[in-house]
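Here the structure is laid out as structure tokens; the discussion comes afterwards.
What follows is calculated from the coordinates using simple rules that are stated; it is not laboratory data. All of these numbers come straight from a predicted model, not from anything done at the bench. Every residue, glycine as well, gets a Cβ built from its backbone with ideal geometry; the counts of neighbours run over all protein chains shown.
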Ligand SMILES: [Zn+2]
């Protein structure tokens, strides 16, 4: 009898420890402040394969096909420039609410805010949502992503 | 403190897990060499001990085949199934992985206690306890169904919101930590360490068949769970390793299946449905009443 009560109390304590631990872990996030208000809202980009820390990663988000085709910053629904960091960079667009969106980005290594090309050949790294490789130029339909986390790889053709 | 909260890519975690696992396995062989020399110096080295050691690795091979080939798929499927019920949104970073390891250790405590106190689970865990010796090769002595029970006890962590791969990582870290506890070479460690952590001394007690050592020290990494929940025993008198009812065999087939043959015999022997159920779900020391006696309920423990 006593051992049964003891077992019950021990199990209850264990469940409290589990709940408290999981709750504590849920607050330990690199962007806790942004996420606390609305957990599922927003678009998060995992930009991978950035080759160095030079310059910035410039990201344009479009919500319609024509704007996406033009790649014009004035027609983008969201824009961000983030200091480049070698490897993977997480970029949050917490205020995007619906979608679908298409994302295009480039690594502005020389900091001139321009995607540098020579004879149509890119000198800086670039990435497009939904692209299967460096030579893939998906249309809006194929590039479209919804909210959540999306991984975009940066390709460099000059290296 | 930024490094604590930097998201960790899951492949990196899985690579680290494989790396630790492999190295501990390789180094455990080197350590076994040291232990064998020690046995020889103490004149305790004999064929039975060597046979037992080899059989430990044979059970391990069987366990690996069953776990990684048969159970592995089911394991991950079950884990990803539970993920849809996640209560919290938990990012994977050093801080949350550390919390997950502590919680996985608590889950392990209950799983381990369950496998000692419920006969059908004991039927497989008894394999690990059936060696009359205590050296690092015993750490790899596993029963055929040892991979089944962890699923049930770690599922709550996934429902709580930890990523299935992080939970698996934590489980394996808890398991790997225990590998290095299976030795007589290391005496007692400094007091604060012995207070919080599971140590070779605490784990020797767990493998004891002495009456006061039975069903004690279930903890994986931390011994504080046993202190909290009343299952702690300190190593005092010399430990007699193995089962209360020894198997007296180094035959890997006998080692692997003795738990199930014993369970089957007990169930077959038990009269009536109620006793049969109790033979399966009751504690290992419970014996069914003799056939034909009118006593339906055994006296309470
Ligand atoms: Zn045990």
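Working from the Cα coordinates of the protein assembly as shown, the gyration tensor eigenvalues give, after taking √(5λ), semi-axes of 55, 25, 20 Å in decreasing order. In terms of the Cα gyration tensor, with a ≥ b ≥ c the square roots of its eigenvalues, is the range B:216-258 rounded because a/c is under 1.5, prolate because a/b exceeds b/c, or oblate? Prolate, since a/c reaches 1.5 and a/b exceeds b/c. Using 13 Å as the cut-off for backbone N distance, which residues of the range B:129-149 belong to the label zone defined by a point 7 Å from the Cα of residue B:46 along Cα→Cβ? Under 13 Å, as judged by backbone N against the label point of residue B:46, lie B:132-133 of the range B:129-149. Here the range B:2-229 is treated as a sphere whose radius is the Kirkwood value from Cα pairs; by Stokes-Einstein at 20 °C and 1.002 mPa s it diffuses with a coefficient of 115 µm²/s.
For chain A, the relative contact order is 27 percent, taking Cα pairs closer than 8 Å that sit 6 or more residues apart in sequence and dividing their mean separation by the residue count.
Report summary: the helix-based calculation at 222 nm, which adds -39500 (n - 2.57) for every DSSP H run with n ≥ 4 and divides by the residues of the protein assembly as shown, gives -15000 deg cm²/dmol.
The alpha carbon centroids of the range B:62-97 and the range A:120-159 are separated by 32 Å. Largest mean-square fluctuation among B:275, B:201, B:55, in a Gaussian network model of chain B whose springs join Cα atoms under 10 Å apart, belongs to B:275.
Full extension of the segment from residue A:82 to residue A:97, taken as 0.36 nm per residue of separation minus the current Cα-Cα distance, would add 3.3 nm.
Going highest first, how would you order A:99-107, B:21-29 by mean Cβ packing within 10 Å?
Top of the packing list down: A:99-107, B:21-29.
Set against the 2.2 N^0.38 Å expectation for a compact globular protein, the range B:1-48 has a Cα radius of gyration ratio of 1.99. Across peptide A:9-19, the mean count of Cβ atoms from other chains lying within 10 Å of each residue's own Cβ comes to 4. A Gaussian network model of chain B, with springs between Cα atoms under 10 Å, assigns the largest mean-square fluctuation among B:228, B:173, B:145 to B:228.
The average projected area of the range B:173-301, computed from the convex hull of its Cα atoms over all directions, is 10.2 nm². Calculate how many DSSP beta bridges within chain A are antiparallel, expressed in % of all such bridges and rounded to the nearest 5. Counting DSSP beta bridges with both partners in chain A, the antiparallel share is about 80 percent. Which of B:38, B:191, B:117 moves most in a GNM of chain B, Cα contacts under 10 Å? Looking only at B:38, B:191, B:117, the biggest GNM fluctuation is shown by B:191. In this structure, residue A:142 and residue B:195 have a Cβ-Cβ separation that, at R0 = 56 Å, corresponds to a calculated FRET efficiency of about 0.40. The spacing between the range B:13-36 and the range B:234-260, judged by their C-alpha centroids, is 25 Å.
Enter the mean number of other protein chain beta carbons within 10 Å of the beta carbon of each residue in B:88-96, as an integer. Numbers along the way, then the final one.
Numbers: counts 9, 7, 9, 9, 2, 4, 1, 5, 8.
Per-residue shielding by partner chains comes out at 6.
Measuring r between the beta carbons of residue B:69 and residue B:287 and using R0 = 45 Å, the FRET efficiency lands at 0.75.
Whole-percent P(r), the range B:102-254, all Cα pairs, 5 Å bins from 0: 2, 9, 18, 23, 22, 14, 7, 3, 1, 0.
Hydrodynamic radius of the range A:2-153 by the Kirkwood approach over all distinct alpha-carbon pairs: 17.8 Å. Go ahead and run the numbers for FRET between residue B:215 and residue B:280, Cβ-Cβ distance against an R0 of 30 Å, rounding to 0.05. FRET efficiency, residue B:215 to residue B:280: 0.95.
Our Cα-only numbers for the range B:93-183 put the radius of gyration and Dmax at 13.7, 42 Å. Per residue, the average separation of C-alpha pairs within less than 8 Å and at least 6 apart gives chain B a relative contact order of 22 percent. Rounded to the nearest 10 degrees, the angle from helix A:2-27 to the longest Cα principal axis of chain A is 20 degrees.
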